Amino acid sequence: MSDPILSTARLRLTKLVKADAEAMFISRADPEVCRYQTFEPGKTADVQEWVAALELNAFDTPGTRFQFAIRVKETEEMIGDLGAHFIAEDPRQVEIGFTLAPRHQGKGYATEAVTALLDHLFGELGKHRVFASVDPRNTACLALLERLGLRREAHFHRSLWFKGEWVDDVVYAILRSEWQGR
C-alpha cells in the first residue's frame, strides 16, 4: 500500500519528509508547543534524525508510527504535523497525536486535519478504535477531541514521569461505529 495523501477544503496531509525538518523544528521548539510533547528538539538536526527514522515506516504497518505534514493547500506551507501509531498488539486500533504551529491555531486547521485522518482510518482502512493520550492541562487539545466526538475513557492520576514531574494522563477514544454514526 502506498502512503496516503489526504486532502480537505484547505489542507493537504502528506508524509513528513526530511525537507520538512526546518518548519517542524520552528514549531516544535516553541516552549508553548513542546510543553505537552515528548519530542522536544534542541536543533534542526534532531528533527532531521527523527524524521529520517520515521520515513522508513510505511502507512498502516503494525508497531510503527506514521507522521503527516499538515500543509495549507494554497501555499504548501507546513503548519503542523499529525501522527498515527499503528498498535502492534492489535492493528485494528490506532493512537493519534497532532501539533500545530501557534500562529495557525484557532483557525480550525487541527479539526480539519484530524477529521480527514479519522475519515481515512475508519473509512478506507476499517479500523475499529482510535484513541489519544493527552495531558489534561492541554485544554485546547481536549476541546478538539470532544468536539470531534471522542469520549474520555480514562484519567490516570500522576501516572507519567514527564519533564521532571509526575503528570496526569487522560485517554480519549472513539469507535468506528460512533464516528460513522455522528
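The values are calculated or read from the model by the stated rules, or taken from the named source; none is laboratory data. All values derive from a computational prediction rather than experimental measurement. All Cβ positions, even for glycine, are placed from backbone atoms using ideal geometry, and neighbour counts span all protein chains on display. Accessible surface areas use protein heavy atoms only, side chains included; no ligands, DNA or RNA. Shrake-Rupley method; radii C 1.70, N 1.55, O 1.52, S 1.80 Å.
Some notes on this structure:
- Whole-percent carbon and sulfur share, accessible surface of the chain, 1.4 Å: 52
- Surface per residue (accessible, 1.4 Å probe) for the stretch 61-152, Å²: 43
- Local net charge near Glu76, Cβ-Cβ under 13 Å (Lys/Arg +1, Asp/Glu -1): +1
- Among (1) 0.96; (2) 1.00; (3) 0.93, the entry that matches Rg/Rh (Cα atoms, Kirkwood Rh) as calculated here: (3)
- The largest accessible area among Arg71, Arg137 belongs to the first residue in Arg137, Arg71, and the rest follow in falling order (1.4 Å probe, all chains).
- Simple spin-label estimate for Val171 and Thr61 in nanometres, 7 Å along Cα-Cβ: 2.6
- Rounded Å value of the spacing that divides the Cα centres of the stretch 5-62 and the stretch 122-182: 20
- With contacts taken as Cα pairs under 8 Å and at least 6 residues apart, the chain reaches a relative contact order of 17 percent.
- Extending 7 Å from the Cα toward the beta-carbon at both Glu32 and Trp161 defines two label points whose distance is 3.1 nm.
- Loop sites in the stretch 81-182: GluC sites (Glu not before Pro), DSSP, at most 16 other Cβ within 10 Å: Glu89, Glu124
- Zone of Glu146's modelled label, taken as backbone nitrogen in the stretch 106-129 under 14 Å from a point 7 Å along Cα→Cβ: none
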